[in-house]
Amino acid sequence: MPIIEVSDLAKQYPLPDNKSEKFFAVNGVSLAIDAGEIFGILGPNGAGKTTTLEMLEGLNDIDGGTAIIDGISVNDNPYKVKEVIGVQLQANEYFDNVNLEELLSLFAALYNNNADPIALLKKVQLEEKAKAKPNNLSGGQKQRFSIACALVNEPKVLFLDEPTTGLDPQAKRNLWDLVRNLNNAGMTIVLTTHNMEEAEELCDRIAIMDKGKIIAEGTPQELILEYAPEPPEAPLHGDLEDVFLALTGHELRE
Amino acid sequence: MLTALQRHLTSVFLKIFWRDRRSIFFSLFFPVIFMTVFSFANSGEQDPISVGIVNNSSSAVATDFSEMLIANPLFDVTLGDEPALREALIAGDQTMVLVLPQDFDTNLGNTTSEINVVVDAAQVSQLGLIMPLLEQTLLAIEREFRDIEPMFSIAIEDVQARSQRYIDFLLPGLMAFTLMQLSIAGSGFNIVEYRRKGILKRLFVTPIEPRDFITAIVLARMAIVLVQLSVLILFAVLLLDIRIVGNFFAYYLVVILGTIVFLCQGFCLGSLAKTQEAIGALGNIVIMPQIFLSGIFYPIESMPEWIQPVAHLLPLSFVSTGMREIANAGATLLEIYPSLIGIAVWFVISFVAATRLFLWKEVAN
């Protein structure tokens, strides 16, 4: 039973250099994500990953198609959806002069609940930083704190937008563990990433997006078997990075 | 009246604003300096005007003229030769140089002798003040020579009533100006900063409503602005001996109303501007004309006739006029009803505009 059902989702924007012309940033995306899955959305910059997530989160108006999360229509009831999802955005800056504990109790207030900030900080191994300001955290700590903020309403679905971009390998692996733990506790997780290792390690299923469309979908193994060109000498297939480049080309995207 | 969420959010914003000590300090710094300077500048006598005299005439009349000017406490006279005094004038050491012609006394009474006044264009503004004094001195000399009794004399009587110094006039205006600036910057710059950092976007994915956010920022910022203004008023009353004649609570009520109006205007500007530079420019467009047109430094009545109707309608004019009538003339709230109506109208305009312009989706993205 899918917890997220997206069909034919579309988003149009005016072209940056010609405002009268429009282009599809997201063009007919359909997805079914099961409860308890870790689902990865991969794609080059500008493929429409973040826009897709933002439409599911209610941050961006849906121009076409429908999205249902946990039985609630995002089109009709975006405020209701916000109650059951947790969101970690790419930008993870917070108010100055407020410490982590205070920020978490602020987020709890926004959901009208009494979540315990210290318990949340423990969950992401930041309990010692309760009195620290977000600006004094390292990159990995900041990301973990963002996830803690996204957990205040005990969401059924957690959206993570490029959670490990810019992290060192240790911090990256630490974050993967955190995501796995949350998933083991029953949370559905949808994440975007550029990191093929991350997608292969972490995700149960993957969708690869390019130019606003989903061009491939499946488990990492399925995708590798189907798309990765066989390396000429080694008997093994290539890795997911090969899949990614084979599908989306080598041309540099900005 | 406030929901639990609004109260919590307000308290968080209070912490955020209150802990930003540096900006609180600097926002007080300028008005304090300003008030101090103005209160000293008006503490009594004017500095004597430096005048150089080049006496090319050896006549007794010329000497008399110089001596009368030297005796006048309004002037600080230096005698010397023309090139030296001209140099001093250019250097700014002299306000003007009077050149008495060689024929200063010949034919006196028959033809008019001309005194050459050399001034620096930069000092021209002082001319209006000096010329009447010079003419007076010349008239006195003329009377002496022609032996005429003056028909009039002026005796000045100081009634020692509630003396109104310029600083007393200035303070309410300065307070109004400060509250405008703190409020517009307080809400406007915050919005732009929170957008730039992605904080608005992050808040938008929670179930918070725009009115909760606006209410919390307005209340918290208002509390901080009131603390800042109270510090300034205490400073003015205790250290500069400035008097607030009217009711203190009435005075504060106008302050609070004005703060709400300008906070809403700050919201509008913050919603329109996308960058810190843009909010700075937009803020200046709103703030600058009001500094000069709203009767802050001088009464609106002293401005050109045609601009007065516009000037009277500016939000800052209503606030500063209301505050000034209470502080200087002891007016009651009933007596300043035109100001209160003006503030109310501006509040409705600003609030409606703020809620229309502050759309999460557009402001957050």
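Has region B:240-263 got at least one residue that is over 26 Å from B:PHE38 (Cα atoms), of a type in the set (Gly, Ala, Ser) and assigned by TED's automatic domain parsing to the domain that holds B:PHE25? Looking for residues that are over 26 Å from B:PHE38 (Cα atoms), of a type in the set (Gly, Ala, Ser) and assigned by TED's automatic domain parsing to the domain that holds B:PHE25, one finds none in region B:240-263, hence no.
I want to confirm something. Restricting to region A:33-74 and keeping residues that are in a loop (DSSP other than H, G, I, E, B) and of a type in the set (Asp, Glu), which single residue is nearest to the other protein chains (Cβ to nearest Cβ)? Selected residue: A:ASP61. Residue pairs whose Cβ atoms lie under 8 Å apart, separated by 6 or more positions or on different chains, with the first residue in region B:270-285 and assigned by TED's automatic domain parsing to the domain that holds B:SER187 and the second in a helix (DSSP H, G or I) and among the polar types (S, T, N, Q), are B:GLY270/B:SER187; B:GLY270/B:ASN190. If the requirement is being surrounded by 19 or more Cβ atoms within 10 Å (Cβ to Cβ), under 22 Å from B:GLY186 (Cα atoms) and within 19 Å of the chain's Cα centre (by Cα), which of these qualifies: B:LEU200, B:LEU229? The conditions single out B:LEU229.
In the same structural domain as B:PHE169 (by TED's automatic domain parsing), at pLDDT below 90 and within 17 Å of the chain's Cα centre (by Cα): does that describe B:PRO315? Criteria not met by B:PRO315. All conditions but one from (1) out of contact with any strand residue (DSSP E or B) (no Cβ under 8 Å at 6 or more places or on another chain); (2) over 19 Å from A:ILE69 (Cβ atoms) apply to A:GLY186; the one that does not is (2). Residues of region B:260-302 that are farther than 30 Å from B:ALA327 by Cβ and among the hydroxyl-bearing types (Ser, Thr, Tyr): B:SER271, B:THR275. Screening A:ALA119, A:ALA115, A:ALA91, A:ALA150 for residues that are out of contact with any His (no Cβ under 9 Å at 6 or more places or on another chain), among the small types (Gly, Ala, Ser), surrounded by fewer than 21 Cβ atoms within 10 Å (Cβ to Cβ) and facing chain B (nearest Cβ under 9 Å) leaves exactly one candidate, A:ALA91. Selection within region B:191-229: residues that are basic (Lys, Arg) and more than 9 Å from chain A (Cβ to nearest Cβ). The member of this set that is farthest from B:VAL261 (Cα to Cα) is B:ARG195. Do we have any residue at all in region A:15-31 that's modelled with pLDDT of 90 or more, surrounded by 21 or more Cβ atoms within 10 Å (Cβ to Cβ), within 15 Å of the chain's Cα centre (by Cα) and more than 21 Å from B:LEU5 (Cα to Cα)? No: zero hits.
The sole residue among A:ARG173, A:ARG144 that is under 21 Å from A:THR188 (Cβ atoms), within 19 Å of the chain's Cα centre (by Cα) and among the basic types (Lys, Arg) is A:ARG144.
Only one of the numbered conditions (1) without any contact (Cβ under 8 Å) to a residue 40 or more places away in the chain; (2) more than 8 Å from chain B (Cβ to nearest Cβ); (3) under 23 Å from A:THR50 (Cβ atoms); (4) buried (at least 16 other Cβ atoms within 10 Å of the Cβ) is violated by A:ASN77, and that is (4). Condition first: free of Cβ contacts under 8 Å to residues at least 12 places away in the same chain and over 25 Å from A:GLY140 (Cα atoms). Can you find one or more residues in region A:85-108 that meet it? No, the conditions are met nowhere in region A:85-108. Taken together, the residues in region A:1-21 that are assigned to a strand (DSSP E or B) and touching a residue at least 24 places away in the same chain (Cβ under 8 Å) amount to 11. Considering every residue within region B:322-344, establish whether at least one is in contact with an Asp or Glu (Cβ under 9 Å, 6 or more places away or on another chain), assigned to a helix (DSSP H, G or I) and free of Cβ contacts under 8 Å to residues at least 24 places away in the same chain. No, that holds for no residue.
The values are calculated or read from the model by the stated rules, or taken from the named source; none is laboratory data. Not measured: the values here are computed from a predicted model. For neighbour counting, all protein chains shown are included, and Cβ atoms are generated from backbone atoms with ideal geometry for every residue, glycine included.
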